[in-house]
1. Identify all residues within the stretch 406-429 that are in contact with a helix residue (DSSP H, G or I) (Cβ under 7 Å, 6 or more places away or on another chain) and not β-branched (V, I, T); write none if there are none.
2. Listed residues K172, K94; which is basic (K, R) and surrounded by fewer than 24 Cβ atoms within 10 Å (Cβ to Cβ)?
3. For the stretch 294-305, state whether one or more residues are of a type in the set (A, V, I, L, M, F, W, C), farther than 25 Å from Y62 by Cβ and surrounded by 20 or more Cβ atoms within 10 Å (Cβ to Cβ).
4. Any residue that is of a type in the set (F, W, Y) and touching a Leu at 6+ places or on another chain (Cβ under 6 Å) - is there at least one of those in the stretch 512-528?
5. When I278 is evaluated against the numbered criteria (1) closer than 28 Å to L405 by Cβ; (2) free of Cβ contacts under 8 Å to residues at least 60 places away in the same chain; (3) within 24 Å of the chain's Cα centre (by Cα), which criterion, by number, is the only one it fails?
6. Assess whether D431 counts as being of a type in the set (D, E), closer than 30 Å to S203 by Cβ and either at pLDDT 95 or above or outside any loop (DSSP other than H, G, I, E, B) (or both).
7. Within the set of pairs 6+ apart or on separate chains, which have a first residue in the stretch 405-428 that is in contact (Cβ under 8 Å) with a residue 12 or more places away in the chain and closer than 30 Å to L234 by Cα, a second that is β-branched (V, I, T) and surrounded by 14 or more Cβ atoms within 10 Å (Cβ to Cβ), and C-beta atoms under 6 Å apart?
8. Select from the stretch 378-389 the residues that are touching a Ser or Thr at 6+ places or on another chain (Cβ under 7 Å) and free of Cβ contacts under 8 Å to residues at least 60 places away in the same chain and list them in ascending order.
Amino acid sequence: MGYTLAEKIIKNHIVDGEMIKGTDIGLKIDQTLTQDATGTMAYLEFEAMGVPRVKTEKSVAYIDHNTLQTGFENADDHRFIQSVCKKHGIYFSKPGNGICHQVHLERFGKPGKTLIGSDSHTPTGGGIGMLAMGAGGLDVAVAMGGGAYYITMPKMVRVNLTGKLNPWVAAKDIILEVLRIMSVKGGVGKIVEYGGEGVKTLSVPERATITNMGAELGATTSIFPSDEITLEFLKAQDRAEDWIELKPDEDAFYDEVIDIDLSTLKPMAACPHSPDNIKTIESLAGQQVDQICIGSCTNSSYRDLMTVAHILKGKTIAENVSLAIAPGSKQVFNMLALNGALGDLIASGARILESACGPCIGMGQSPNSKGISLRTFNRNFLGRSGTKDGQIFLVSPETAAASALTGVFTDPTTLGEGYKVEMPEKFLINDNMVIAPATVEEMDNIEVLRGPNIKPFPETSPLEETINATCALKVEDNITTDHIMPAGAKILPLRSNIPAISQHCFTVCDPDFPARAKELGSSIIVGGANYGQGSSREHAALAPLYLGVKAVLVKSFARIHRANLINAGILPLEFCNEEDYNKISLNDKITLPDVKSIIEKGGNVKIINETTGQEIMAKCELTDRTRAIIIAGGLLNYTKENS
């Protein structure tokens with residue numbers, strides 16, 4: 001039996017374990033990326049390991065999230081990151097150069113290579129045939145230090161694309177259809193691999209849109225073959241030497257197969273407040289729109305914005321609409337400026353934002369109260385936009401531009417004859433905003449610059465023999481990392497200050513949680529299914545750690561968040577019987593007797609609700625390695641003990 005495309009890359013990079021589905025495997029990582037909202041902590045963790053210089057083929061730090069500088073905090077973090085990069089062998093992409101995933105796709109990604117990034121949308125790199133995965137900052141730090149990245153060997157899903165998209169139907173509509181079929185938790189423990197004759201009809205930017213939003217499936221990653229279309233893209237980026245052909249074996253086995261006829265798809269939207277709440281634009285047509293935002297790492301490519309410019313050229317946006325557009329990279333921005341498309345966007349009434357994440361991460365452009373905002377982004381979680389009652393819909397650039405002109409939901413297929421962007425034979429290449437690291441000879445002379453907002457990694461301690469705690473919070477299904485550790489312009493500047501940012505932990509769900517947890521000193525959190533979906537932000541584990549959370553007991557976890565809890569030394573427990581969720585209430589006193597011995601030997605964990613006298617059994621499925629991490633009190637302690 002042959003190998004899938006992803007299995008071939010795994011086979012070439014596996015350094016620990018065997019390719020047996022459901023078991024732990026360690027992978028050699030070729031490339032890493034960070035962004036500034038997660039990067040400061042990742043580099044503090046890297047420094048704590050005492051490794052003088054990164055051991056990867058290429059590591060890049062991007063400044064794209066915290067670019068709104070209303071105080072010294074973000075600027076200080078950027079200065080710190082730049083100085084760490086210079087000293088330790090990391091390339092530094094300055095603010096304004098673009099969004100990490102867009103720039104990495106353009107300038108650094110290579111088919112067949114492994115990439116992890118401290119951002120959940122790192123699977124964008126799958127658009128050119130990389131095995132690209134989101135991870136916590138500590139995992140990225142370990143990889144930069146030469147350590148393996150561990151995942152559970154995933155199942156393989158084949159999405160068979162046939163036919164061809166009709167005019168004005170977009171790649172965004174393909175991934176929305178996949179989300180409709182699989183749901184936001186349907187990809188957990190799986191790699192989604194795209195194939196079939198329909199793949200040849202999609203450009204690299206379109207493929208990257210699809211792999212980018214594969215993060216919303218909960219998948220380990222998503223990937224496309226590396227073919228002649230990939231080669232054309234890399235040639236245009238003057239990187240033809242980076243190309244290799246990659247495709248699955250004809251007799252490869254897939255655990256699941258999904259067939260999608262591209263010719264049957266219609267323009268769609270993910271409706272509030274989940275990326276898998278899918279409806280057709282046709283069914284929403286006529287509803288008034290207040291705001292439209294075009295950009296993010298999902299839909300800010302040259303192809304996307306040239307399409308938008310074509311639709312808006314010579315026209316004016318509706319008077320009731322605020323339209324904001326953010327090119328994904330300096331390369332895209334500059335090319336639009338030189339070919340006149342930027343002028344068409346400006347003339348239509350669009351507000352042009354810098355090449356950064358911006359509104360997608362809640363950094364400006366919050367909609368009005370109860371405002372309906374159409375966004376070409378990847379997440380529409382409640383409150384993520386910065387407006388608690390904002391109604392956020394995820395759509396394609398085609399739908400966004402058509403609706404901007406009318407002021408209501410508008411099906412772009414009503415625009416008439418289709419439009420195809422001719423991809424350039426050569427992109428404008430100017431890497432003058434990427435700063436190379438110092439040489440080995442120079443690195444000792446580089447000073448790392450720290451601002452007063454930068455605080456050390458929170459202290460962790462080895463697992464206690466018995467845990468006595470209180471239920472400090474009880475939450476429902478599909479809790480996201482935006483619930484646990486909100487983003488936005490007010491909170492993101494605190495990402496390098498865990499004591500300060502912890503005061504915002506879970507305040508979306510319960511404003512009193514931080515004070516209650518800190519006062520209790522030792523607590524647990526109880527949750528429902530798919531707990532921790534969304535971002536890779538390890539702050540969603542580090543803030544609870546700082547507040548004294550010892551364990552999280554839920555029906556099921558999202559992949560990256562569970563790994564981040566383990567890295568922080570917090571026990572990830574799952575109910576053996578989901579009905580037992582009803583046996584614990586807020587403020588109940590909880591005991592986990594002999595928990596260290598149980599974790600050491602393996603087996604289910606007994607939980608005693610001292611308030612009611614009821615007993616609950618929980619699973620804590622760990623490998624030998626993750627068991628040792630939990631017992632040590634987290635990955636940083638484990639790494640120090642084993643280095």
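1. F409, D411, P412, L415, Y419, M423, P424, E425, K426, F427, L428, listed by residue number.
2. Only one candidate qualifies: K94.
3. So far as the stretch 294-305 goes, no, none of its residues is of a type in the set (A, V, I, L, M, F, W, C), farther than 25 Å from Y62 by Cβ and surrounded by 20 or more Cβ atoms within 10 Å (Cβ to Cβ).
4. yes
5. (2)
6. Taking the combined requirement at face value, the residue satisfies it.
7. Once the first residue is in contact (Cβ under 8 Å) with a residue 12 or more places away in the chain and closer than 30 Å to L234 by Cα and sits in the stretch 405-428, its partners that are β-branched (V, I, T) and surrounded by 14 or more Cβ atoms within 10 Å (Cβ to Cβ) give V421/T307.
8. S385, T387, D389
The values are calculated or read from the model by the stated rules, or taken from the named source; none is laboratory data. Keep in mind that what you see is a predicted model, and the values were worked out from it rather than measured. For neighbour counting, all protein chains shown are included, and Cβ atoms are generated from backbone atoms with ideal geometry for every residue, glycine included.
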